[in-house]
Amino acid sequence: MDYALILTQIAAEVQPLVGKGRVAEYIPPLASVRADRFGMALRTVDGAQYATGDADERFSIQSIAKVFALTLAMRLEGDGIWNRVGREPSGSAFNSLVQLEVERGIPRNPFINAGALVVLDAILNHGDDLLLPFIREAAGNESISYDLEVAEGERRTGHRNRAMAHFLKSFGNLQNDAGRVLDAYFRLCSIAMSCSELARAFSYLAGGGGSIATARQAKRVNAVMLTCGVYDEAGDYAYRVGLPAKSGVGGGVVAVMPGKFTAAVWSPGLSEKGNSLAGTMALELLTTKTAISIF
Ligand code: GLN
């Protein structure tokens with residue numbers, strides 16, 4: 001498979017979509033990112049890596065980081081984590097409060113904000129600051145870090161997330177102080193990585209877990225990504241792309257083809273549902289051109 005050629009073709013074919021859509025605007029550091037960026041990286045399970053466009057520029061990975069949080073929580077808590085959070089697509093916005101009320105404080109899945117708060121709460125029971133070292137371990141890169149300006153923006157504007165954390169607390173599904181959990185959440189959203197770094201960091205999910213997770217855990221994280229990884233667009237993703245994937249409002253998306261490769265893409269213009277417009281098209285082209293998908 002000539003992945004280098006395929007990435008070059010994809011970069012050319014998505015151009016009409018690059019710069020289209022809306023860039024996330026709720027905090028200045030995201031609103032000021034130029035919309036006309038596009039980068040993509042692919043890493044095979046053998047460790048060969050390919051890249052095109054702005055693949056080496058760091059961006060705010062936002063909700064993509066929730067995958068690392070879930071993996072770490074599964075490592076620390078095993079299946080116990082599923083007593084506190086579900087694994088069904090939410091069918092509503094990632095920051096919905098209504099669903100949490102109706103379902104009595106058990107978030108639908110670990111990738112909506114309420115679910116991520118519960119996952120972080122579980123991690124905090126094992127110690128402070130476990131996540132960043134874990135992400136660095138997965139990435140094989142000690143320079144991965146928080147973007148403090150983004151974290152500050154999240155903190156300043158995070159009223160709905162605050163409401164959610166206290167809501168969870170009122171249902172008894174948050175064991176730590178809500179402020180402590182929120183602080184971990186705001187920092188998690190602010191992790192900055194490039195497509196190349198993400199493709200490498202996610203490679204444990206394509207390679208049966210590696211040293212990061214057991215094969216069973218990797219399989220299950222992929223399953224949750226397939227059904228819950230791209231907000232309320234999971235059906236469309238399964239149909240068009242056919243790979244487990246996780247997106248973030250910074251315009252990044254990472255997709256996993258178990259046994260073969262990981263692919264990370266970034267373009268900040270978002271669809272109505274909050275996924276990168278050009279990024280989704282790029283992943284669709286990838287599975288079309290390679291004729292490889294989980295289906
Ligand atoms: N940080 C934002 C929030 O918590 C968005 C996270 C995301 O990528 N969905 O609302």
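The values are calculated or read from the model by the stated rules, or taken from the named source; none is laboratory data. Everything numeric here is computed off the predicted structure, so don't read it as measured data. Neighbour counts are summed over all protein chains in view; Cβ atoms, including those assigned to glycine, are modelled from backbone coordinates with ideal geometry. Side chains included, ligands, DNA and RNA excluded: accessible areas come from the protein's heavy atoms. Shrake-Rupley method; radii C 1.70, N 1.55, O 1.52, S 1.80 Å.
For the chain, report the accessible area per residue in Å² (1.4 Å probe, heavy atoms, rounded to an integer).
With the other protein chains kept in place, the chain gives 39 Å² per residue.
Can you pull the semi-axes for the stretch 38-137, root of five times each eigenvalue of the Cα gyration tensor, sorted largest first, whole Å?
Each semi-axis is √(5λ); the values are 29, 18, 12 Å.
Using the Cα centre of the chain as the reference point, and only Cβ charges (+1 on K/R, -1 on D/E), how large is the resulting charge dipole? Debye, rounded to the nearest 20.
For the chain, the charge dipole is close to 460 debye.
Taking Rh as the Kirkwood radius computed over C-alpha pairs, what is the Stokes-Einstein D of the stretch 133-206 at 37 °C in a medium of viscosity 0.692 mPa s, expressed in µm² per second?
239
Suppose only helical runs count, i.e. DSSP H with n ≥ 4. What mean residue ellipticity at 222 nm does that imply for the chain under -39500 (n - 2.57) per run, divided by all residues and rounded to the nearest 500 deg cm²/dmol?
-13000 deg cm²/dmol
For the chain, which whole-number percentage of the solvent-accessible area (1.4 Å probe, protein heavy atoms only) is attributable to carbon and sulfur atoms?
51
At q = 0.07, 0.13, 0.16 Å⁻¹, what log₁₀ I(q)/I(0) does a Debye calculation on the Cα points of the chain give, no solvent, two decimals?
-0.22, -0.81, -1.28
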